[in-house]
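See below for the structure under consideration.
The values are calculated or read from the model by the stated rules, or taken from the named source; none is laboratory data. Here the structure is a predicted model, which is why all the values come from computation and not from measurement. We place every Cβ from the backbone using ideal geometry, glycine too, and count neighbours over all the protein chains shown. These area figures cover heavy atoms from the full protein model, side chains too; ligands, DNA and RNA do not enter into them. Shrake-Rupley method; radii C 1.70, N 1.55, O 1.52, S 1.80 Å.
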Amino acid sequence: MNAVPNSTVIDTRFRSALMRMAEAGRIETCNRPASAHLEVASLMKVMDGGPAVLFPAVDGFGIPVIGNVLGSKENCEAAFGTDFRGIREFVARALGAPVEPELVRSGPAQEVVVTSGIDLGGTLPVLHHAPSDGGRFITAGVVIARDPETGVLNASYHRLQLLGPDRTGIRLDFNRHLRNAYERAAARGEDLPVVVCIGADLALQYTAATMGSQMPEHADELAVAGGLAGRPLRVLKAATQDLPVPADTEIVLEGRLTCRESAVEGPFGEFVGFSAPASPGPVFQLTALTHRRNPIYHAINGYGRETVMLRKYVLEASLLKVLGPAVPIVVDAEMTAGGLHRFHAIVQVKKEGPHHEGLQRNAILASFGALKDLDMVIVVDDDIDIRDPLDVEYALATRMEASRDIIVVPEARGHEYVRVSRNGVRAKLGIDATVPFEERARFTRVAFEPIEVDRTEFTTDPETAEKALGLI
């Protein structure tokens with residue numbers, strides 16, 4: 001697959017993406033019933049990092065569950081119909097050229113509208129993910145809200161714990177835009193209207209996963225989603241709230257975050273591998289449940305590859321958008337799997353003269369400023385394959401001298417889920433594993449004669465090897 005032109009319009013609707021994935025062989029279908037209580041999530045975890053997993057039959061429910069949708073590079077590329085560089089171009093376009101949503105009169109998201117007798121737990125196959133969790137959690141919901149002071153629309157991921165037929169708890173992390181909007185509403189003595197989209201347009205999913213300096217609080221994230229797709233996001237007026245609803249969403253929950261009531265939410269196994277502890281938070285009181293006639297329920301394991309992969313390409317695009325103008329020697333960036341595609345970055349630079357010396361360290365500091373959660377940045381030369389951990393480690397082994405190439409930024413803000421930190425405050429580490437420009441020749445690796453290999457000229461037949469070695 002090739003990268004796409006910046007003018008490309010892509011069909012990012014959830015079902016269109018699933019169709020592309022199915023055609024690419026990136027969906028595995030379970031051929032037996034499975035239970036929403038622990039079993040489905042456990043199967044998703046065992047099969048993590050591979051194709052998406054579809055459960056057409058979930059005990060006690062008439063709605064299929066699909067998980068691990070965007071949990072691997074191959075899945076993401078199949079879903080978007082382009083390679084990872086093309087996906088990053090879509091994200092970069094979204095950040096720079098938002099497109100306002102288009103209001104339409106009808107759409108699949110409201111084929112069924114329920115405003116009384118709502119029973120979330122009985123209707124939707126909401127998973128109980130792990131034995132240590134506090135209950136059943138909706139994990140793939142994109143929450144849309146309008147800031148009560150600025151009127152700007154925000155879209156972001158937040159987990160929801162079922163508390164009753166039409167009530168859930170919600171986790172609002174520190175420094176998140178939705179938390180800010182909720183606190184502003186609560187300060188005015190008002191509830192905050194929200195809609196929660198499950199099985200949403202991929203453009204909205206990626207926009208909701210974007211964070212850092214490139215997604216400021218004044219950015220309208222539905223418009224940014226339109227920019228990613230290269231077309232307006234079709235939206236409906238919510239049935240019971242004054243908010244837009246993406247028209248092609250599978251399932252929508254409408255309601256309000258109450259300002260006068262709280263409830264204990266959690267614990268829940270989060271992306272860092274630990275359980276986030278139970279803590280009080282707002283209550284989401286539903287006023288409507290709408291969905292397609294035959295909806296698909298999207299589930300994401302908190303501690304799973306999809307949770308972190310959702311942010312990989314959006315964070316890389318955001319990082320490159322900052323570093324490009326600020327540090328022109330930056331060539332590429334990789335948010336690594338071991339760093340959960342969030343905490344560690346490898347930045348590749350190309351020095352073209354002595355005047356570029358030192359800019360590699362500027363790139364380290366600029367990276368920390370661009371993405372708050374980054375805790376370690378390694379900068380390498382352009383001859384290092386930043387997507388090969390062995391090549392990156394080679395650079396550390398042969399080009400980094402610890403007494404002069406390690407930069408420590410003490411007492412900096414990171415993510416509060418990192419337990420080694422002090423409520424999110426910890427030292428950040430920068431490593432300069434580049435070669436001084438004047439010494440490039442001394443560090444040049446041995447090059448072999450270029451040659452094409454015809455695999456038909458080789459065989460793994462044991463008898464052939466044994467005869468050639470004189471063993472038989």
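Can you tell me which residues in region 99-156 are of a type in the set (Asp, Glu) and within 17 Å of Phe61 (Cβ to Cβ)? Show your work before the answer.
Keep residues of region 99-156 that are of a type in the set (Asp, Glu), which gives 100, 102, 111, 119, 133, 147, 149.
Scanning region 99-156 gives a single hit, Asp119.
Here are the criteria: (1) at pLDDT below 95; (2) open to solvent by 40 Å² or more (accessible area, probe 1.4 Å); (3) not small (Gly, Ala, Ser). Tell me which single one Val322 does not satisfy.
Just one mismatch for Val322, condition (2).
Among the candidates Asn75, Asn31, single out the residue that is in a loop (DSSP other than H, G, I, E, B) and either under 23 Å from Thr8 (Cα atoms) or modelled with pLDDT of 95 or more (or both). Walk me through how you get there before you give the answer.
Numbers: Asn75 fails: in a loop (DSSP other than H, G, I, E, B).
None of the other options fit; the residue is Asn31.
Does any residue in region 421-447 that is touching a residue at least 24 places away in the same chain (Cβ under 8 Å) come within less than 8 Å, Cβ to Cβ, of a residue that is part of a helix (DSSP H, G or I) and among the acidic types (Asp, Glu) six or more places away or on a different chain, and which pairs are these?
The qualifying pairs are Ile431/Asp405; Asp432/Asp405; Ala433/Asp405.
Give the residue, chosen from Arg422, Arg387, that is open to solvent by 30 Å² or more (accessible area, probe 1.4 Å), out of contact with any Gly (no Cβ under 8 Å at 6 or more places or on another chain) and either over 28 Å from Ser275 (Cα atoms) or hydrophobic (A, V, I, L, M, F, W, C) (or both). Spell out the reasoning first.
Details: Arg422 fails: either over 28 Å from Ser275 (Cα atoms) or hydrophobic (A, V, I, L, M, F, W, C) (or both).
Being open to solvent by 30 Å² or more (accessible area, probe 1.4 Å), out of contact with any Gly (no Cβ under 8 Å at 6 or more places or on another chain) and either over 28 Å from Ser275 (Cα atoms) or hydrophobic (A, V, I, L, M, F, W, C) (or both) holds for just one of Arg422, Arg387, which is Arg387.
Does Thr444 qualify as being β-branched (Val, Ile, Thr) and open to solvent by 70 Å² or more (accessible area, probe 1.4 Å)? Don't jump to the end; show me each part of the working.
Details: β-branched (Val, Ile, Thr): yes; open to solvent by 70 Å² or more (accessible area, probe 1.4 Å): yes.
Yes; evaluated as a whole, the condition is true for this residue.
Out of Thr150, Thr139, which single residue is surrounded by fewer than 18 Cβ atoms within 10 Å (Cβ to Cβ), in contact with a helix residue (DSSP H, G or I) (Cβ under 9 Å, 6 or more places away or on another chain) and touching a residue at least 60 places away in the same chain (Cβ under 8 Å)? Working first, answer last.
On the way: Thr139 fails: surrounded by fewer than 18 Cβ atoms within 10 Å (Cβ to Cβ).
Unique residue meeting the criteria: Thr150.
Ala185 passes all but one of (1) open to solvent by less than 10 Å² (accessible area, probe 1.4 Å); (2) under 24 Å from Leu315 (Cα atoms); (3) part of a helix (DSSP H, G or I); which number fails?
Result: Ala185 passes all but (2).
Can Ala239 be described as at pLDDT 95 or above, in contact with a helix residue (DSSP H, G or I) (Cβ under 9 Å, 6 or more places away or on another chain) and under 18 Å from Met21 (Cβ atoms)? Reasoning before the result, please.
On the way: at pLDDT 95 or above: yes; in contact with a helix residue (DSSP H, G or I) (Cβ under 9 Å, 6 or more places away or on another chain): yes; under 18 Å from Met21 (Cβ atoms): no.
No, not satisfied.
Of all residues in region 71-100, which are of a type outside the set (A, V, I, L, M), under 16 Å from the mean Cα position of the chain (by Cα) and closer than 21 Å to Arg234 by Cα?
The answer is Phe80, Phe90.
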